[in-house]
Amino acid sequence: MKKIKVLFFLCCASLFAQEELPENYFSNPVKIPLVLSGNFGELRNNHFHSGLDIKTQGKEGLKTYASASGYVSRIKISRYGYGKALYIKHPNGYTTVYAHLKKFSPTIEAYVKKKQYERQTFEIELFPQTGALKVSEKQLIAFTGNTGGSGGPHLHFEIRDNQERPLNPLMFGFDIKDTTPPVIFGLYGYPLSEYSHIKGRTKRIKIRVSKQKDGSYKSDTINAYGKIGFGIVSTDRQDLASNNNGVNKIQTMYNNQKSLEVNFQLKIFEP
């Protein structure tokens, strides 16, 4: 029989130690303060969220600007998913993605409409030739909208690496006011084998947690045997937002040693 006390640290941003990221290379794609309705790595119905959902003050049609210089590498229009989406490739190998758009800038819109008429289809996916649609940083590229699988007006924004894997945009130096620590609403223990039990029980139990002065959470001591797991219900909120978002990083301590860490820095698969 083992007695276990687990310490949890939650945070809404993370460091990417494996490589040096170009901080301050990418600029704000909209000329309003960045307030999020969705965070990177949040668990959705069937996937983890692969970007930031930027609030657009409850309306469509806000001007959207290229976050850095480059060229349009992909355009996709669908009634579902990302709706009207624009992909811009940058000289440093990264790609930025702008989704759920209402419409594109006049030059890009004309290019798309020509292809739609040629193919006689509204839904379309285009891969313009390299350099055919060049853009400079802060150049108008589109207008925010609510197209595709969107639950309300916003801009879905991503930064992808040279393998097209979405990274957490918060690692690139974007200024989002957030001094409000995440909150744990529930901690659960799970016996994971037929011989395991927690507090003498073989089914899931709720474990009481208490918040510490440093913002971490400490659980009650529990008696357990065998292989067990933990589940956490937690959210994070930015200072200027009334909605809750998911957390990016969860770190646990066992006997004062770092144990399990979940850190959403990079997402391997696109939804």
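Restricting segment 178-202 to residues that are of a type in the set (A, V, I, L, M, F, W, C) and exposed (fewer than 13 other Cβ atoms within 10 Å of the Cβ), which is nearest to ASN244 (Cα to Cα)?
Start the filter on segment 178-202 by keeping residues that are of a type in the set (A, V, I, L, M, F, W, C), which leaves 183-185, 187, 192, 198.
Next cut, exposed (fewer than 13 other Cβ atoms within 10 Å of the Cβ) only: 185, 192.
Details: PHE185: 12, LEU192: 30 Å.
That would be PHE185.
Would you mind listing the strands (runs of 3 or more DSSP E) fully within segment 129-216 where at least 2 residues are aromatic (Phe, Trp, Tyr) and touching a Lys or Arg at 6+ places or on another chain (Cβ under 7 Å)? Full working, then the answer.
On the way: elements: 140-144, 154-160, 183-191, 205-207, 209-211.
Here the list reads 183-191.
Just to be sure, is GLN251 assigned to a loop (DSSP other than H, G, I, E, B), modelled with pLDDT under 85 and outside the structural domain of ILE159 (by TED's automatic domain parsing)? Even if it seems obvious, please write down each step before you answer.
Working: assigned to a loop (DSSP other than H, G, I, E, B): no; modelled with pLDDT under 85: yes; outside the structural domain of ILE159 (by TED's automatic domain parsing): yes.
No; evaluated as a whole, the condition is false for this residue.
Looking at ASP239, ASP214 in this structure, which one is acidic (Asp, Glu), surrounded by fewer than 17 Cβ atoms within 10 Å (Cβ to Cβ) and touching a residue at least 12 places away in the same chain (Cβ under 8 Å)? So that I can check it myself, show each step before the final result.
On the way: ASP214 fails: touching a residue at least 12 places away in the same chain (Cβ under 8 Å).
Exactly one residue qualifies, and that residue is ASP239.
Confirm whether LEU155 is of a type in the set (A, V, I, L, M) and closer than 26 Å to HIS49 by Cβ. Quick ask: steps written out before the conclusion?
On the way: of a type in the set (A, V, I, L, M): yes; closer than 26 Å to HIS49 by Cβ: yes.
The answer is yes for LEU155.
Report yes if GLY93 is crowded, with 18+ Cβ neighbours inside 10 Å, closer than 25 Å to ASN168 by Cβ and touching a residue at least 40 places away in the same chain (Cβ under 8 Å), otherwise no. Break it down stepwise before answering.
Numbers: crowded, with 18+ Cβ neighbours inside 10 Å: no; closer than 25 Å to ASN168 by Cβ: yes; touching a residue at least 40 places away in the same chain (Cβ under 8 Å): yes.
No; evaluated as a whole, the condition is false for this residue.
If I filter segment 2-25 for residues that are among the hydroxyl-bearing types (Ser, Thr, Tyr), closer than 20 Å to ALA241 by Cβ and either modelled with pLDDT of 70 or more or outside any loop (DSSP other than H, G, I, E, B) (or both), do I get at least one hit?
Keep residues of segment 2-25 that are among the hydroxyl-bearing types (Ser, Thr, Tyr), which gives 14, 25.
Within this subset, residues satisfying the condition of being closer than 20 Å to ALA241 by Cβ are 14.
Still in the running and either modelled with pLDDT of 70 or more or outside any loop (DSSP other than H, G, I, E, B) (or both): none.
There is no residue in segment 2-25 that is among the hydroxyl-bearing types (Ser, Thr, Tyr), closer than 20 Å to ALA241 by Cβ and either modelled with pLDDT of 70 or more or outside any loop (DSSP other than H, G, I, E, B) (or both).
Can you say whether ASP175 is surrounded by fewer than 20 Cβ atoms within 10 Å (Cβ to Cβ), farther than 24 Å from LYS31 by Cα and not aliphatic (A, V, I, L, M), as far as the supplied structure shows? Give the derivation first.
Numbers: surrounded by fewer than 20 Cβ atoms within 10 Å (Cβ to Cβ): yes; farther than 24 Å from LYS31 by Cα: no; not aliphatic (A, V, I, L, M): yes.
Considered against the rule, which asks whether it is surrounded by fewer than 20 Cβ atoms within 10 Å (Cβ to Cβ), farther than 24 Å from LYS31 by Cα and not aliphatic (A, V, I, L, M), ASP175 comes out as no.
Only one of these is of a type in the set (Gly, Ala, Ser) and either over 25 Å from ILE54 (Cα atoms) or assigned by TED's automatic domain parsing to the domain that holds ALA241 (or both): ALA142, ALA132. Name it. Steps first, please.
Values: ALA142 fails: either over 25 Å from ILE54 (Cα atoms) or assigned by TED's automatic domain parsing to the domain that holds ALA241 (or both).
The unique qualifying residue is ALA132.
Filter segment 51-90 for residues that are small (Gly, Ala, Ser) and under 16 Å from PHE174 (Cβ atoms); which is surrounded by the fewest Cβ atoms within 10 Å (Cβ to Cβ)? Quick ask: steps written out before the conclusion?
Of all residues in segment 51-90, those small (Gly, Ala, Ser) come to 51, 58, 61, 66-70, 73, 78, 81, 83, 85.
Of the ones still in play, those that are also under 16 Å from PHE174 (Cβ atoms) are 51, 66-68.
Numbers: GLY51: 26, ALA66: 26, SER67: 27, ALA68: 21.
Across segment 51-90, the extreme among qualifying residues is ALA68.
GLU109: more than 18 Å from LEU167 (Cβ to Cβ) and loosely packed, with under 14 Cβ neighbours inside 10 Å, yes or no?
On the way: more than 18 Å from LEU167 (Cβ to Cβ): yes; loosely packed, with under 14 Cβ neighbours inside 10 Å: no.
No: the conditions fail for GLU109.
The values are calculated or read from the model by the stated rules, or taken from the named source; none is laboratory data. All values reported here derive from a predicted model rather than from experimental measurement. Positions of Cβ are backbone-derived with ideal geometry, glycine not excepted, and every protein chain shown enters the neighbour counts.
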